[in-house]
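Taking it in order: structure first as structure tokens, then the write-up.
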Amino acid sequence: MLSVRKSDERGHAEHGWLKTWHTFSFADYYDPQHMHFGPLRVINDDRIAGGKGFPMHPHRDMEIITYMLEGALEHKDSMGNGSVIRPGDVQRMTAGTGVFHSEVNPLPDQPAHLLQIWIIPDKDGYEPGYEQKEFTEPEKRGRLLLVASGDGREGSVTINQDVNIFAGLFDGEESAQLALDEGRMAWLQVARGSLVLNGVELEAGDGVGVRREEALELDSGTGAEILLFEMPASDDGETT
């Protein structure tokens, strides 16, 4: 079963320097039918103006993943980490018992475009942690590349939850498949472009909850960049 969440159905906010779209309830946007999907709590599609960003602020007990699409984002945190995240980079921050961080676009004349993802960890109280890795375009071209997982296998970043995150780029006849074991479900997020999932046409910003399907087939892409989250099935699905 596919449950499509169209791009224009998402929550939206404009703060001058920030234009953001919320797949799930976040901040002032509240939708009881779209609180989360299993442990997947937040997918924010953010565009940050040049030289602007989020000042130092706190988080705790959340796995926070940043996936860059365009531009750059400078990260600093209370653990002493400092880095610039660019397209192809995946950053994971374990907020755990508590961490402060800032995120600022260091390019004065170019907007930053990113997906920020929050995943509820398998337990509270982890020691805060940080990891960042690059995954190149050729690695993602025409396939589903594992970029984050609960065990860090295949060079992916490690998250404290039984969730596998795949990234892929698709154009023309490029296609990929993923078998879903019994007791597993998935969420597909189209970051940009368009493609077809199991016969359903999807555009940039669309998301799809997948339950009780044996396999996923991605094809017919046009400039498509996607993230696919595979996780244990739960009865609550998209709602709390």
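Of note:
- Only a single criterion out of (1) in contact (Cβ under 8 Å) with a residue 60 or more places away in the chain; (2) among the small types (G, A, S); (3) in a loop (DSSP other than H, G, I, E, B); (4) out of contact with any Asp or Glu (no Cβ under 6 Å at 6 or more places or on another chain) is not satisfied by G50, namely (4).
- Of the strands (runs of 3 or more DSSP E) lying entirely inside the range 174-240, not one is found with 2 or more residues being within 23 Å of N44 (Cβ to Cβ) and touching a helix residue (DSSP H, G or I) at 6+ places or on another chain (Cβ under 7 Å).
- Count of the range 140-165 residues which are in contact with a Gly (Cβ under 9 Å, 6 or more places away or on another chain), without any contact (Cβ under 8 Å) to a residue 60 or more places away in the chain and among the acidic types (D, E): 0
- Unique residue being more than 28 Å from P87 (Cβ to Cβ) and either of a type in the set (S, T, N, Q) or more than 18 Å from the chain's Cα centre (by Cα) (or both) when the list is R153, R211: R211
- Test: residue in the range 67-75 that is modelled with pLDDT of 95 or more, among the small types (G, A, S) and farther than 24 Å from E137 by Cα: no
- Count of the range 65-88 residues which are assigned to a strand (DSSP E or B) and surrounded by fewer than 19 Cβ atoms within 10 Å (Cβ to Cβ): 7
- Lone qualifier among E230, E174, E137 - being under 23 Å from R92 (Cα atoms), of a type in the set (D, E), in contact (Cβ under 8 Å) with a residue 24 or more places away in the chain and touching a Lys or Arg at 6+ places or on another chain (Cβ under 8 Å): E230
The values are calculated or read from the model by the stated rules, or taken from the named source; none is laboratory data. If you're wondering where the values come from, they're calculated on a predicted model, not measured in any experiment. A quick note on method: Cβ atoms are made from the backbone with ideal geometry, for glycine too, and the neighbour counts reach across all protein chains shown.
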